[in-house]
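The block underneath contains the structure these notes are about, expressed in structure tokens.
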Amino acid sequence: MTTDVRILGIDPGLRRTGWGLITARGTKLSYLACGVVTSDGDLPLALRLRELHEGLSRVITTHAPDEVSVEETFVNKDAQATLKLGHARAVALLVPALAGLPVAEYAANLVKKTVAGNGHAEKVQIQAMVKFLLPKAEFKLADAADALAIAITHASHRGAIALDRRHAVAAGGGPGAARIAAALARLDR
């Protein structure tokens, strides 16, 4: 019997971090919720990161995902912008890890290829395909649509690849170890 798996996708950003939650049962996907966690651009970096941490923590507490997927950072020409994105991405990886959830990472071009069939698809194409795959999805910002695309990508690839066990807490080594072990056991079925 196939069980429902709640997958949280996260599209990290320092200004806006998108999140999207879906349920996967075999190949059937269902939309649950999505949104954006924002930080105040007038605050110092440390306080902006705290806002992202608190916001993502609320999302995880409220929606109780089983697994989390995060988009990998791409390097652009502006090193400072890339570094700031890296800080936001670190928060996006840390929050679910602290909650004891397994985390998978996906490159942006794999997300685009999985959802739209083209690794160089435009945001409009991604949004249209997310709406097609999840007809009940309601998103106001591209960041939330991107997060849903990341969750869809994980639903598509989670059975083909094992979650990076290096991120899992060793058995008996922390409050989330049992949840991680259960999620990894579901992957091995």
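Below is a table of values for the structure above.
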item: Among (1) open to solvent by 10 Å² or more (accessible area, probe 1.4 Å); (2) β-branched (Val, Ile, Thr); (3) assigned to a helix (DSSP H, G or I), the one test that residue 73 misses; result: (3)
item: Residues satisfying the stated conditions in region 130-189, i.e. open to solvent by 80 Å² or more (accessible area, probe 1.4 Å), among the charged types (D, E, K, R) and at pLDDT 60 or above; result: 131, 136, 138, 140, 179
item: Residue selected from region 59-70 under the condition in contact (Cβ under 8 Å) with a residue 12 or more places away in the chain and either within 17 Å of residue 144 (Cβ to Cβ) or within 11 Å of the chain's Cα centre (by Cα) (or both), by the criterion surrounded by the fewest Cβ atoms within 10 Å (Cβ to Cβ); result: 63
item: Those residues of region 14-33 which are buried (at least 20 other Cβ atoms within 10 Å of the Cβ), assigned to a strand (DSSP E or B) and over 13 Å from the mean Cα position of the chain (by Cα), in sequence order; result: 24, 31
item: Any hit, region 92-113, residues being more than 14 Å from the chain's Cα centre (by Cα) and among the acidic types (Asp, Glu); result: no
item: Qualifying positions in region 114-127 - open to solvent by less than 60 Å² (accessible area, probe 1.4 Å) and assigned to a helix (DSSP H, G or I); result: 114, 115, 116, 126, 127
item: Residues located in region 40-59, provided they are within 16 Å of residue 11 (Cα to Cα) and either in contact with a Phe, Trp or Tyr (Cβ under 9 Å, 6 or more places away or on another chain) or not in a helix (DSSP H, G or I) (or both); result: 55, 56, 59
item: Any hit, region 5-13, residues being closer than 21 Å to residue 140 by Cα, modelled with pLDDT under 95 and either open to solvent by 50 Å² or more (accessible area, probe 1.4 Å) or of a type outside the set (Ser, Thr, Tyr) (or both); result: yes
item: Residue within region 88-101 that is open to solvent by 50 Å² or more (accessible area, probe 1.4 Å), under 22 Å from residue 139 (Cβ atoms), at pLDDT 95 or above and not β-branched (Val, Ile, Thr) present; result: no
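The values are calculated or read from the model by the stated rules, or taken from the named source; none is laboratory data. Predicted model, so just to flag it, every value in this text is computed and none were measured. Because the Cβ atoms are built from the backbone with ideal geometry, glycine has one as well, and the counts that use them run over all protein chains shown. Keep in mind that these areas ignore ligands, DNA and RNA; they rest on the heavy atoms of the full protein, side chains included. Shrake-Rupley method; radii C 1.70, N 1.55, O 1.52, S 1.80 Å.
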